[in-house]
Amino acid sequence: MCGIFGYVGKSAEPDFIIKNLKKIDYRGYDSAGLSVINYGQIKTVKSVGRVDKLTQKVGDLKPSLTGIGHTRWATHGEPSDINSHPHLSSNSKIAIVHNGIIENYKKLKSDLIKKGYQFVSQTDSEVIANLVASYYKENDFIEAVKKAVADLEGSYAVAVINQDQPEQIVAFASQSPLILGLADDFKLLSSDVISIVKYTDQVHYMNENELAVLTKDKVEIVDIKTNQTIDYKVDKLTQTAEAAELGQFADFTSKEIYSEPAVIKTILDQYQEGDDLNLAFSKNFNKIVISACGTAYHAGLIGKHYLENVANIPVSVELASEFNYKKVFIDDQTLFIAISQSGETRDTLNAMLKAKQIGAECLALVNVIGSQIARKADYVVYTLAGTEVGVASTKAYLSQTLSLLLIAQKLAGKSPVKDVSKLPDQIKQVLRTEDQVKKLASQIAKQNVVFFTGRGVDLNTADEAALKLKELSYINTFAIGSGELKHGTIALIDQKTTAIAILTQPNIVEKTLSNLKEINARDGKIIIVTNLDHDFSDLTSDVIKIPKVDPYLAPILSIIPLQLLAYHTAKLLDRDVDKPRNLAKAVTVE
Ligand code: F6R
């Protein structure tokens, strides 16, 4: 849940590292640091807080042939200057940055302490620097790094610099993403292509057991186990640098909400008209298990509705963090679908590996191209949302939901849903509710608790809307099935309560309306998001109207005003919408 970046070439200013670290600070943003080599010595600056803080600290650091940087989401040790990366060996000759967790660090640390190495931080990562240093005493540097890697257990993407060899970076990765950027006269490494794409479209995604030595002119990769040089694969990036720029927008979250019409159009062009889903399953499945976390899990709940009703296959949706530690009912007739924007979420990856081991065929529904979950699945459908920088997922959720509908249609061999191609224009129409939503946000911003309610897929939308408002505004929210209210939650309702109801499914609208009347009778305030023609005037005048669509498409539209509501409420409360406190975009720890 951290980001690492590295440069080796003719010369880079510390600002170059800072600028590119900022592009990946969505991965963690409680502290940051960088190391360069100036006049044959490693110079390091670190700071608790955002990457920007480094700018004030780089002071008189000079440009360098090599530089590494890190942006942190604390796991071992509080966010502090000391615990920030890079970490140095005791003799200050070796510096490392690390994304991941070294599970056996305590044992390694105590062995190294016995050998006289000193530690200054509470992190697991510092052990890597001293481990390399200890092997470097009796081996050449590359050999020392290889030996150190062999001792590590856990997950890691690591870049190492050595002041004795100031023109190279050594890098390796296991279960954490690491991408090498192969520009002509310099080389880069990063946790995300977003900080590479501006400089080159030639990349290599690091694999397990690879050790890369980056110099200005070339990258050599050896297999750590066999010592053989690897003729590694070079991929061409299709992303553009634009994803990392704000353009006319104040923040990435609003930019990403406003890109939803384009995202949906891309998916339809690619998968509906081009029928390019590429899902040639070798057999028929008798059940589907979906597993994911957070927002992706909510998309999975809507996917269940699609797959069961359109493709007529029973589906269970499991929180990946629970799935990994319970008895599961999976066999070789099961299709397992892992949903993940980042393609990195540890719990989701582990759930998929567990399902695969038991014999299920695994389909990854992933946004980030070349990510781990995508690479380890039997089949991949990329959700084509483009880079999502805002930590709270918005456009990726829409892309997951629509992709699941298209997969359901593919499995069913039919397309019962009408007018899918109108979605991009209908989303634009929904975005025009923004002024109305903004006014409602000023009411919501005063609440201590807000709850969302609905039935069927509208309840799934309520779950996602509650998460969005909670994580962006820090207001306490929850979602409850409308029919479930009177089994306890109704006790909360008084004139200070606001309920936001989603009503898009004609078959159950009357039942939900009865439940809303129960809230109304107890003086609770109600806001309704709907595409139905009912008269709601006896309940509320706060009705957000979205276009009338096929009920299957309604969840793709009804979440949008609620994303906007979360966004505007957060802005009114002066929250950092792109980087809510305590969160990180890629959750690579369990
Ligand atoms: C919420 C949010 C998270 C992610 C979750 C899974 O807005 O973004 O709940 O959905 O951490 O992440 P991915 O989809 O990358 O597996």
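The residues listed here are Ala566, Ala584; of these, the one that is at pLDDT 95 or above and under 12 Å from Ala392 (Cβ atoms) is Ala566. Pairs meeting the criteria (first residue in segment 206-228 and within 14 Å of Phe141 (Cβ to Cβ), second residue open to solvent by 80 Å² or more (accessible area, probe 1.4 Å), beta carbons under 8 Å, at least 6 apart or on different chains) are Ala212/Glu220; Val213/Glu220; Thr215/Glu167; Glu220/Thr229; Val222/Gln228; Val222/Thr229. Return the residue satisfying two criteria in turn: it lies in segment 65-94 and is of a type in the set (Val, Ile, Thr) and out of contact with any helix residue (DSSP H, G or I) (no Cβ under 9 Å at 6 or more places or on another chain), and of such residues it is nearest to Phe119 (Cα to Cα). By that ranking, first place goes to Ile82.
Test of understanding: among Leu108, Leu131, which residue is within 19 Å of Ala171 (Cα to Cα) and among the aliphatic types (A, V, I, L, M)? Only one candidate qualifies: Leu131.
Check whether at least one residue in segment 494-516 is open to solvent by 20 Å² or more (accessible area, probe 1.4 Å) and closer than 24 Å to Asp574 by Cβ, and report yes or no. The answer is yes, given that some residue of segment 494-516 is open to solvent by 20 Å² or more (accessible area, probe 1.4 Å) and closer than 24 Å to Asp574 by Cβ. Criterion first (polar (S, T, N, Q) and over 19 Å from Thr588 (Cβ atoms)) does Gln357 satisfy it? It is true that Gln357 is polar (S, T, N, Q) and over 19 Å from Thr588 (Cβ atoms). Scanning segment 21-56 for residues that are part of a strand (DSSP E or B) and of a type in the set (Val, Ile, Thr) yields Val36, Ile37, Ile42, Thr44, Val45, Val48. Considering segment 388-397, and only residues there that are among the small types (Gly, Ala, Ser) and open to solvent by less than 10 Å² (accessible area, probe 1.4 Å), the residue that is nearest to the ligand (Cβ to nearest atom) turns out to be Ala392.
Of the residues making up segment 271-286, just one is farther than 29 Å from Ala462 by Cα and either within 16 Å of the ligand (Cβ to nearest atom) or part of a helix (DSSP H, G or I) (or both), namely Glu273.
Condition check for Pro424 on (1) closer than 25 Å to Ala244 by Cβ; (2) open to solvent by 30 Å² or more (accessible area, probe 1.4 Å); (3) away from the ligand (no atom under 16 Å from the Cβ); (4) not polar (S, T, N, Q): one failure, at (2).
When residues in segment 327-344 are screened for being within 16 Å of the ligand (Cβ to nearest atom) and not in a loop (DSSP other than H, G, I, E, B), 5 of them pass. The set of residues from segment 372-387 being within 12 Å of the ligand (Cβ to nearest atom) and open to solvent by less than 10 Å² (accessible area, probe 1.4 Å) comprises Ile373, Ala374, Thr383, Ala385.
The criterion of at least 2 residues that are open to solvent by 40 Å² or more (accessible area, probe 1.4 Å) and over 30 Å from Glu103 (Cα atoms) is met by none of the strands (runs of 3 or more DSSP E) wholly inside segment 172-261. Examine segment 287-301 for a residue that is away from the ligand (no atom under 16 Å from the Cβ), surrounded by fewer than 21 Cβ atoms within 10 Å (Cβ to Cβ) and assigned to a helix (DSSP H, G or I), and state whether such a residue exists. No, because not a single residue in segment 287-301 is away from the ligand (no atom under 16 Å from the Cβ), surrounded by fewer than 21 Cβ atoms within 10 Å (Cβ to Cβ) and assigned to a helix (DSSP H, G or I).
Has segment 556-576 got any residue that is in a loop (DSSP other than H, G, I, E, B) and open to solvent by less than 10 Å² (accessible area, probe 1.4 Å)? Looking through segment 556-576, none of the residues is in a loop (DSSP other than H, G, I, E, B) and open to solvent by less than 10 Å² (accessible area, probe 1.4 Å). Scanning segment 313-326 for residues that are of a type outside the set (A, V, I, L, M, F, W, C) and touching a strand residue (DSSP E or B) at 6+ places or on another chain (Cβ under 8 Å), we see that the one that is nearest to the ligand (Cβ to nearest atom) is Glu318.
For Asp347, the conditions (1) outside any loop (DSSP other than H, G, I, E, B); (2) crowded, with 22+ Cβ neighbours inside 10 Å; (3) more than 10 Å from the ligand (Cβ to nearest atom) are fulfilled apart from (3). The number of residues in segment 512-533 that are closer than 28 Å to Gln429 by Cα and either in a helix (DSSP H, G or I) or out of contact with any helix residue (DSSP H, G or I) (no Cβ under 7 Å at 6 or more places or on another chain) (or both) comes to 7. Those helices (runs of 4 or more DSSP H) of segment 388-496 in which at least 3 residues are touching a residue at least 60 places away in the same chain (Cβ under 8 Å) and in contact with a strand residue (DSSP E or B) (Cβ under 9 Å, 6 or more places away or on another chain), considering only elements entirely within it, cover 395-412, 434-444, 457-473. When segment 350-371 is filtered for residues that are over 13 Å from Gly300 (Cβ atoms), within 16 Å of the chain's Cα centre (by Cα), more than 9 Å from the ligand (Cβ to nearest atom) and buried (at least 23 other Cβ atoms within 10 Å of the Cβ), nothing remains. Would you say Asp574 is farther than 18 Å from Gly456 by Cβ and not hydrophobic (A, V, I, L, M, F, W, C)? It is true that Asp574 is farther than 18 Å from Gly456 by Cβ and not hydrophobic (A, V, I, L, M, F, W, C).
The values are calculated or read from the model by the stated rules, or taken from the named source; none is laboratory data. Since we're looking at a predicted model, the values are computed, not measured. A quick note on method: Cβ atoms are made from the backbone with ideal geometry, for glycine too, and the neighbour counts reach across all protein chains shown. Ligands, DNA and RNA are stripped out before the accessible areas are found, and what is left, the full protein with its side chains, is counted by its heavy atoms. Shrake-Rupley method; radii C 1.70, N 1.55, O 1.52, S 1.80 Å.
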